[in-house]
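Working notes, structure below.
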Amino acid sequence: MRRAALFLVALLGAAGWAIAARAADPRLVPDVSSRAIDIQYSFTGEELLLFGAILYPGQRLPDDRADIVVVLKGPVRPIILREKQRVAGIWVNADSIRLRTSPGFYAIGSSRPIDQLVDERTAAIFELGLSNLSMSPTGFSEAKTLARFENGLIDLYRRQGLFYEDPKAVEITEGVLYRARIPVPARVPVGNYRAETYLISKGRVIAVAARDVEIRKAGFERFVALAAQRHGFLYGLTAVLLSVSLGYAASAIFRRR
């Protein structure tokens with residue numbers, strides 16, 4: 001009985017210490033300027049504002065400077081990458097690789113460069129930075145081959161505005177309020193996104209918070225997308241008939257001239 005009582009006291013003491021430790025950690029209160037972005041025919045891109053506050057225990061600011069990293073990413077989906085090579089003057093598909101968890105969009109902003117905030121291991125664990133994305137290749141691939149394909153994908157998506165990195169995007173006011181603007185390009189894929197905020201101090205991630213963002217088609221674009229998904233055969237038949245009709249009308253007009 002005495003041992004059981006001592007064990008119970010130690011367990012309660014450990015639980016109390018854990019609760020006190022959690023209470024001593026700062027908390028993040030994040031938000032986004034828009035929880036849903038509608039894509040219509042006139043959509044040319046948008047700027048999403050990620051902002052919030054850092055709540056310190058007892059409202060006491062620490063002596064050491066804390067930093068903020070914000071990430072907007074999604075939707076995660078499998079993708080097949082193919083490498084083209086020129087053979088006898090003709091471009092043909094050569095090597096290929098399949099990635100199971102490739103984000104269709106990834107943007108990261110921070111108050112300082114990532115390599116000045118955390119070490120390589122921590123950056124890889126939390127996937128902070130384009131070079132630390134984990135895309136989970138299927139099958140066996142040599143490290144050099146995998147790196148070549150991933151670098152090619154990152155370069156392609158960078159040029160399309162789908163991958164974005166800015167080490168000075170986050171502004172922190174009086175050590176408490178933060179804000180960052182993330183550009184969302186016109187060709188951004190629709191789906192569910194997560195806006196994540198990381199509070200970093202002394203090389204450690206001490207708080208994480210997230211908000212959900214939906215990017216969706218609206219108006220006529222939404223009607224067409226839903227029609228293609230729900231009534232694929234009728235949608236395809238209508239598209240063929242419309243193409244034939246427009247081609248016939250164009251040829252008739254040119255014949256008259």
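Odds and ends about this structure:
- When the criteria are applied in full, A123 fails the requirement of being under 27 Å from E165 (Cα atoms) and touching a Phe, Trp or Tyr at 6+ places or on another chain (Cβ under 8 Å).
- Residue ID - farthest from R194 (Cα to Cα), chosen from residues in the range 130-145 that are of a type outside the set (S, T, Y) and in contact with a strand residue (DSSP E or B) (Cβ under 6 Å, 6 or more places away or on another chain): P137
- Taking the criterion of being more than 30 Å from A53 (Cα to Cα) and buried (at least 18 other Cβ atoms within 10 Å of the Cβ), the residues of the range 130-139 that qualify are M135, P137.
- Hits in the range 145-168 - residues which are among the β-branched types (V, I, T) and either open to solvent by 60 Å² or more (accessible area, probe 1.4 Å) or over 21 Å from V184 (Cα atoms) (or both): T145
- Among the residues making up the range 177-206, those that are open to solvent by 30 Å² or more (accessible area, probe 1.4 Å) and in contact with a Lys or Arg (Cβ under 9 Å, 6 or more places away or on another chain) are V190, R194.
- Residue satisfying condition, being at pLDDT 85 or above and touching a Lys or Arg at 6+ places or on another chain (Cβ under 9 Å), within set R27, R35: R35
- Residue within the range 62-82 that is over 30 Å from D212 (Cβ atoms) and either hydrophobic (A, V, I, L, M, F, W, C) or in contact with a Leu (Cβ under 9 Å, 6 or more places away or on another chain) (or both) present: no
- Cβ-Cβ under 8 Å pairs, at least 6 apart or on other chains, the range 102-123 side free of Cβ contacts under 8 Å to residues at least 24 places away in the same chain, far side charged (D, E, K, R) and open to solvent by 20 Å² or more (accessible area, probe 1.4 Å): A123/D115
- Odd one out for E127, checked against (1) of a type outside the set (K, R); (2) open to solvent by 20 Å² or more (accessible area, probe 1.4 Å); (3) over 21 Å from the mean Cα position of the chain (by Cα): (3)
- Of all the criteria given as (1) among the aliphatic types (A, V, I, L, M); (2) free of Cβ contacts under 8 Å to residues at least 24 places away in the same chain; (3) in contact with a strand residue (DSSP E or B) (Cβ under 8 Å, 6 or more places away or on another chain), the one not satisfied by I54 is (2).
- Hey, R86 out of contact with any Asp or Glu (no Cβ under 7 Å at 6 or more places or on another chain), open to solvent by 50 Å² or more (accessible area, probe 1.4 Å) and farther than 30 Å from T138 by Cα or not: no
- Here S134, S102 are screened, and the one residue that is closer than 26 Å to K217 by Cα and within 13 Å of the chain's Cα centre (by Cα) is S102.
- From the options E174, E120, E142, residue that is in the same structural domain as L49 (by TED's automatic domain parsing) and surrounded by 12 or more Cβ atoms within 10 Å (Cβ to Cβ): E120
Every residue, every condition in (1) free of Cβ contacts under 8 Å to residues at least 60 places away in the same chain; (2) out of contact with any Phe, Trp or Tyr (no Cβ under 7 Å at 6 or more places or on another chain), yes or no:
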| residue | (1), (2) |
| --- | --- |
| N151 | yes, yes |
| L156 | yes, yes |
| E171 | no, no |
| V176 | no, yes |
| E196 | no, yes |
| S201 | no, yes |
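- Selected residue (criterion: modelled with the lowest pLDDT) from residues of the range 97-144 that are assigned to a loop (DSSP other than H, G, I, E, B), in contact with an Asp or Glu (Cβ under 9 Å, 6 or more places away or on another chain) and closer than 20 Å to V184 by Cα: L133
The values are calculated or read from the model by the stated rules, or taken from the named source; none is laboratory data. Bear in mind the structure is a predicted one, so any value in this text is a computation, not a measurement. Every residue, glycine as well, gets a Cβ built from its backbone with ideal geometry; the counts of neighbours run over all protein chains shown. The protein model used for the area step is the full one, side chains on, heavy atoms only, and it has no ligands, DNA or RNA in it. Shrake-Rupley method; radii C 1.70, N 1.55, O 1.52, S 1.80 Å.
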